[in-house]
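Working notes, beginning with the structure itself.
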Amino acid sequence: MSPALNIIITDIKNILRDPSLVMMLFVPFLITALLRWGYPYFLEAVPEATEYNMLVLAMLAMTSGAMPGMALAFAILDEKDNGLLPALMILPVSFRKIVLNRIWTISIYGTFAALITIGFSGLSEASLLQNLLLSLLAASTAAAFGMVPAFFAANKIEGATLAKILNFLLVFPLPAFIFSGWWTSLLGVFPAWWVYSAFTSTTDPVQFLTSFGWGIAYHLLITIIVTRQIFSRVANQD
(Lines give C-alpha, C1' and ligand atoms only; values in the text may rest on other atoms or scores of the structure.)
Protein backbone atom coordinates (compact mmCIF):
# COMPACT_ATOMS: atom_id res chain seq x y z
CA MET A 1 0.00 0.00 0.00
CA SER A 2 1.37 3.42 -0.96
CA PRO A 3 2.10 5.92 1.86
CA ALA A 4 -0.41 8.38 0.37
CA LEU A 5 -3.23 5.83 0.38
CA ASN A 6 -2.27 4.76 3.88
CA ILE A 7 -2.59 8.37 5.07
CA ILE A 8 -6.05 8.67 3.50
CA ILE A 9 -7.20 5.45 5.18
CA THR A 10 -5.79 6.60 8.52
CA ASP A 11 -7.57 9.96 8.22
CA ILE A 12 -10.85 8.21 7.42
CA LYS A 13 -10.44 5.92 10.44
CA ASN A 14 -9.73 8.90 12.70
CA ILE A 15 -12.86 10.66 11.47
CA LEU A 16 -15.04 7.56 11.84
CA ARG A 17 -13.98 7.21 15.49
CA ASP A 18 -15.68 10.50 16.36
CA PRO A 19 -19.49 10.61 15.83
CA SER A 20 -19.45 14.41 15.57
CA LEU A 21 -16.96 14.26 12.70
CA VAL A 22 -18.97 11.53 11.00
CA MET A 23 -21.98 13.85 11.19
CA MET A 24 -20.00 16.53 9.35
CA LEU A 25 -19.54 14.13 6.45
CA PHE A 26 -23.30 13.59 6.30
CA VAL A 27 -24.16 17.30 6.44
CA PRO A 28 -24.11 17.60 2.61
CA PHE A 29 -26.74 14.86 2.36
CA LEU A 30 -28.87 16.55 5.03
CA ILE A 31 -28.58 19.88 3.22
CA THR A 32 -29.57 18.23 -0.07
CA ALA A 33 -32.60 16.58 1.53
CA LEU A 34 -33.66 19.88 3.07
CA LEU A 35 -33.41 21.67 -0.27
CA ARG A 36 -35.14 18.87 -2.14
CA TRP A 37 -38.08 18.22 0.15
CA GLY A 38 -38.21 21.05 2.70
CA TYR A 39 -37.37 24.21 0.77
CA PRO A 40 -40.37 23.89 -1.62
CA TYR A 41 -42.73 24.31 1.37
CA PHE A 42 -40.91 27.53 2.25
CA LEU A 43 -41.33 28.75 -1.33
CA GLU A 44 -45.06 28.04 -1.17
CA ALA A 45 -45.27 30.30 1.87
CA VAL A 46 -42.88 32.93 0.50
CA PRO A 47 -43.01 32.70 -3.32
CA GLU A 48 -40.99 35.94 -3.63
CA ALA A 49 -37.94 34.01 -2.41
CA THR A 50 -37.84 32.06 -5.69
CA GLU A 51 -35.65 34.74 -7.29
CA TYR A 52 -32.99 34.00 -4.69
CA ASN A 53 -32.91 30.23 -5.30
CA MET A 54 -29.44 30.25 -6.85
CA LEU A 55 -28.05 32.37 -4.03
CA VAL A 56 -29.40 29.91 -1.47
CA LEU A 57 -28.00 27.04 -3.50
CA ALA A 58 -24.58 28.73 -3.78
CA MET A 59 -24.36 29.30 -0.03
CA LEU A 60 -25.37 25.75 0.85
CA ALA A 61 -23.23 24.19 -1.89
CA MET A 62 -20.20 25.97 -0.40
CA THR A 63 -21.21 24.70 3.03
CA SER A 64 -21.50 21.15 1.71
CA GLY A 65 -18.15 21.43 -0.03
CA ALA A 66 -16.47 22.73 3.12
CA MET A 67 -17.69 19.98 5.43
CA PRO A 68 -15.04 17.35 4.48
CA GLY A 69 -12.33 19.92 5.18
CA MET A 70 -13.84 20.75 8.55
CA ALA A 71 -14.05 17.08 9.51
CA LEU A 72 -10.41 16.52 8.60
CA ALA A 73 -9.41 19.74 10.39
CA PHE A 74 -10.79 18.48 13.69
CA ALA A 75 -9.21 15.07 13.12
CA ILE A 76 -5.85 16.83 12.70
CA LEU A 77 -6.52 18.88 15.85
CA ASP A 78 -7.04 15.57 17.65
CA GLU A 79 -3.58 14.57 16.43
CA LYS A 80 -2.27 17.82 17.88
CA ASP A 81 -3.93 17.21 21.23
CA ASN A 82 -2.46 13.71 21.35
CA GLY A 83 1.00 14.95 20.38
CA LEU A 84 1.05 12.92 17.17
CA LEU A 85 2.04 15.64 14.69
CA PRO A 86 5.79 15.32 15.44
CA ALA A 87 5.50 11.65 14.47
CA LEU A 88 4.46 12.71 10.97
CA MET A 89 7.92 14.18 10.48
CA ILE A 90 9.59 10.77 10.63
CA LEU A 91 7.23 8.93 8.28
CA PRO A 92 8.61 7.57 4.97
CA VAL A 93 6.60 10.25 3.15
CA SER A 94 7.47 13.92 3.64
CA PHE A 95 5.27 16.27 5.68
CA ARG A 96 4.82 18.40 2.55
CA LYS A 97 3.36 15.43 0.66
CA ILE A 98 1.10 14.61 3.61
CA VAL A 99 -0.36 18.12 3.58
CA LEU A 100 -0.75 18.22 -0.20
CA ASN A 101 -2.34 14.77 -0.18
CA ARG A 102 -4.84 15.94 2.42
CA ILE A 103 -5.64 19.03 0.37
CA TRP A 104 -6.36 16.86 -2.69
CA THR A 105 -8.52 14.53 -0.58
CA ILE A 106 -10.50 17.46 0.83
CA SER A 107 -10.94 19.01 -2.61
CA ILE A 108 -12.13 15.80 -4.28
CA TYR A 109 -14.62 14.89 -1.57
CA GLY A 110 -15.73 18.53 -1.31
CA THR A 111 -16.44 18.65 -5.04
CA PHE A 112 -18.42 15.42 -4.78
CA ALA A 113 -20.40 16.80 -1.83
CA ALA A 114 -21.14 20.09 -3.63
CA LEU A 115 -22.18 18.21 -6.76
CA ILE A 116 -24.68 16.15 -4.78
CA THR A 117 -26.18 19.31 -3.30
CA ILE A 118 -26.37 21.12 -6.65
CA GLY A 119 -27.46 18.14 -8.73
CA PHE A 120 -30.14 16.76 -6.43
CA SER A 121 -31.48 19.95 -4.85
CA GLY A 122 -33.91 20.52 -7.70
CA LEU A 123 -33.01 24.23 -7.72
CA SER A 124 -30.37 24.46 -10.42
CA GLU A 125 -31.56 24.98 -13.99
CA ALA A 126 -28.00 25.06 -15.32
CA SER A 127 -26.60 22.53 -17.76
CA LEU A 128 -24.77 19.43 -16.61
CA LEU A 129 -21.41 20.99 -17.53
CA GLN A 130 -22.25 24.16 -15.64
CA ASN A 131 -23.30 22.14 -12.60
CA LEU A 132 -19.96 20.34 -12.68
CA LEU A 133 -18.09 23.64 -12.88
CA LEU A 134 -20.24 25.13 -10.11
CA SER A 135 -19.44 22.12 -7.92
CA LEU A 136 -15.73 22.59 -8.50
CA LEU A 137 -16.02 26.30 -7.72
CA ALA A 138 -18.15 25.79 -4.61
CA ALA A 139 -15.64 23.22 -3.29
CA SER A 140 -12.63 25.44 -4.01
CA THR A 141 -13.13 26.89 -0.53
CA ALA A 142 -12.74 23.46 1.06
CA ALA A 143 -8.94 23.32 1.25
CA ALA A 144 -8.67 26.58 3.20
CA PHE A 145 -11.59 25.53 5.42
CA GLY A 146 -9.68 22.40 6.35
CA MET A 147 -6.12 23.64 6.59
CA VAL A 148 -6.62 26.97 8.39
CA PRO A 149 -8.30 25.56 11.55
CA ALA A 150 -6.10 22.45 11.46
CA PHE A 151 -2.74 24.20 11.46
CA PHE A 152 -3.41 27.72 12.74
CA ALA A 153 -5.47 26.74 15.81
CA ALA A 154 -3.83 25.44 18.95
CA ASN A 155 -6.81 23.31 20.00
CA LYS A 156 -10.39 22.42 19.09
CA ILE A 157 -11.84 25.53 20.76
CA GLU A 158 -9.68 27.82 18.64
CA GLY A 159 -10.42 25.60 15.64
CA ALA A 160 -14.17 26.02 16.15
CA THR A 161 -13.71 29.80 16.41
CA LEU A 162 -11.78 29.93 13.16
CA ALA A 163 -14.41 27.73 11.52
CA LYS A 164 -17.15 30.19 12.54
CA ILE A 165 -15.16 33.09 11.09
CA LEU A 166 -14.69 31.22 7.82
CA ASN A 167 -18.40 30.41 7.69
CA PHE A 168 -19.19 34.08 8.20
CA LEU A 169 -16.92 34.97 5.27
CA LEU A 170 -18.97 32.65 3.05
CA VAL A 171 -22.17 34.54 3.83
CA PHE A 172 -20.73 38.07 4.06
CA PRO A 173 -20.79 38.84 0.27
CA LEU A 174 -24.42 37.69 -0.08
CA PRO A 175 -26.01 41.17 0.32
CA ALA A 176 -24.20 42.29 -2.85
CA PHE A 177 -26.64 40.13 -4.84
CA ILE A 178 -29.75 41.18 -2.93
CA PHE A 179 -29.30 44.95 -2.73
CA SER A 180 -28.05 47.45 -5.28
CA GLY A 181 -25.51 50.22 -4.99
CA TRP A 182 -21.90 51.08 -5.75
CA TRP A 183 -20.76 49.42 -2.52
CA THR A 184 -21.80 45.95 -3.71
CA SER A 185 -18.81 45.74 -6.07
CA LEU A 186 -16.48 46.25 -3.10
CA LEU A 187 -17.50 42.85 -1.76
CA GLY A 188 -15.70 41.30 -4.72
CA VAL A 189 -12.58 41.26 -2.53
CA PHE A 190 -14.16 38.31 -0.72
CA PRO A 191 -13.55 35.03 -2.60
CA ALA A 192 -17.11 33.79 -2.05
CA TRP A 193 -18.42 36.77 -4.04
CA TRP A 194 -17.23 35.10 -7.24
CA VAL A 195 -19.05 31.90 -6.33
CA TYR A 196 -22.35 33.76 -5.92
CA SER A 197 -21.65 35.61 -9.17
CA ALA A 198 -21.15 32.34 -11.08
CA PHE A 199 -24.31 30.76 -9.64
CA THR A 200 -26.43 33.77 -10.59
CA SER A 201 -25.04 34.13 -14.13
CA THR A 202 -25.59 30.67 -15.60
CA THR A 203 -27.71 32.18 -18.39
CA ASP A 204 -24.87 34.53 -19.40
CA PRO A 205 -21.96 32.37 -20.68
CA VAL A 206 -19.42 35.22 -20.67
CA GLN A 207 -20.22 36.38 -17.15
CA PHE A 208 -20.43 32.80 -15.94
CA LEU A 209 -17.00 31.82 -17.28
CA THR A 210 -15.49 35.09 -16.05
CA SER A 211 -16.82 34.54 -12.53
CA PHE A 212 -15.80 30.89 -12.58
CA GLY A 213 -12.28 31.68 -13.77
CA TRP A 214 -11.67 34.46 -11.27
CA GLY A 215 -13.23 32.43 -8.46
CA ILE A 216 -11.05 29.38 -9.10
CA ALA A 217 -7.92 31.54 -9.45
CA TYR A 218 -8.70 33.48 -6.26
CA HIS A 219 -9.30 30.36 -4.17
CA LEU A 220 -6.24 28.66 -5.64
CA LEU A 221 -4.13 31.66 -4.66
CA ILE A 222 -5.50 31.53 -1.12
CA THR A 223 -4.81 27.79 -0.92
CA ILE A 224 -1.21 28.32 -2.07
CA ILE A 225 -0.67 31.10 0.49
CA VAL A 226 -2.18 29.01 3.30
CA THR A 227 -0.11 25.96 2.32
CA ARG A 228 3.13 27.96 2.25
CA GLN A 229 2.33 29.43 5.65
CA ILE A 230 1.81 25.92 7.03
CA PHE A 231 5.17 24.75 5.69
CA SER A 232 6.82 27.89 7.08
CA ARG A 233 5.29 27.41 10.55
CA VAL A 234 6.35 23.78 10.67
CA ALA A 235 9.87 24.63 9.48
CA ASN A 236 10.21 27.25 12.21
CA GLN A 237 9.16 24.70 14.83
CA ASP A 238 11.89 22.25 13.81
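The values are calculated or read from the model by the stated rules, or taken from the named source; none is laboratory data. As the structure is a computational prediction, the values presented were derived from the model and not from experiment. Don't worry about glycine lacking a Cβ; one is built from the backbone with ideal geometry, like all the others, and counts go over all protein chains shown. With ligands, DNA and RNA removed, areas are computed over all heavy atoms of the protein, side chains included. Shrake-Rupley method; radii C 1.70, N 1.55, O 1.52, S 1.80 Å.
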Notebook entry, point to check: At a 1.4 Å probe radius, carbon and sulfur cover how many percent of the accessible area of segment 1-158?
Noted result: 71 percent
Next item on the list: Identify which of Ala192, Ala71, Ala176 has the largest mean-square fluctuation in a Gaussian network model of the chain, with springs joining Cα atoms closer than 10 Å.
Entry: Ala176
Checklist line | Note, ³J(HN,Hα) from phi for segment 169-180, Karplus 6.51, -1.76, 1.60, rounded to Hz, x at Gly and Pro | finding: 5, 5, 8, 3, x, 4, x, 4, 9, 10, 10, 10
Check: In the chain, if every C-alpha pair distance is counted and binned at 5 Å from zero, what percent goes to each bin?
Finding: 1, 7, 13, 18, 19, 15, 11, 8, 5, 2, 1, 0
Next item on the list: Give the cross-link partners of Lys164 among the lysines, using a straight C-alpha distance below 21 Å as the criterion and excluding same-chain residues fewer than 8 apart.
Entry: Lys80, Lys156
Item checked: Three semi-axes of the equivalent ellipsoid, segment 154-206, Cα gyration tensor, whole Å, largest first -> 28, 13, 8
Checklist line | At 1.567 mPa s and 4 °C, Stokes D of segment 144-238 from Kirkwood alpha-carbon radius, µm² per second | finding: 87 µm²/s
Note to self: To test your reading of the geometry: what angle, between 0 and 90 degrees and rounded to tens, separates the Cα axis of helix 142-152 from the longest principal axis of the chain?
What the structure shows: 40 degrees
Item checked: trypsin sites (Lys or Arg not before Pro) restricted to DSSP loop in segment 1-63 with at most 15 other C-beta within 10 Å -> Arg17
Checklist line | Shape of segment 95-189, Cα gyration tensor, a/c cut at 1.5 | finding: oblate
Next item on the list: Compute the long axis of helix 3-16 from its Cα atoms, compare it with the longest principal axis of the Cα atoms of the chain, and write down the angle in degrees, 0 to 90, nearest 10.
Entry: 70 degrees
Note to self: At 222 nm, what value in deg cm²/dmol follows for the chain if DSSP H runs of at least 4 each add -39500 (n - 2.57) and the sum is divided by all its residues, to the nearest 500?
What the structure shows: -24500 deg cm²/dmol
Item checked: Per residue solvent-accessible surface (Å²) - segment 76-208, probe of 1.4 Å -> 49 Å²
Checklist line | Listed residue (Thr202, Ile225, Tyr39) projecting farthest to the positive dipole end of the chain, Cβ model | finding: Ile225
Item checked: Per-q log10 I(q)/I(0), segment 17-80, q = 0.18, 0.21, 0.24 Å⁻¹ (Debye; single scatterer per alpha-carbon; no solvent) -> -0.70, -0.83, -0.96
Next item on the list: Rounded to the nearest 10 degrees, what's the angle between the helix 205-237 long axis and the longest principal axis of the chain, both from Cα atoms, 0 to 90?
Entry: 20 degrees
Margin query: Give me the dipole magnitude in Debye, nearest 20, for the chain about the Cα centre, with unit charges on the beta carbon: positive for Lys and Arg, negative for Asp and Glu.
Written below: 660 debye
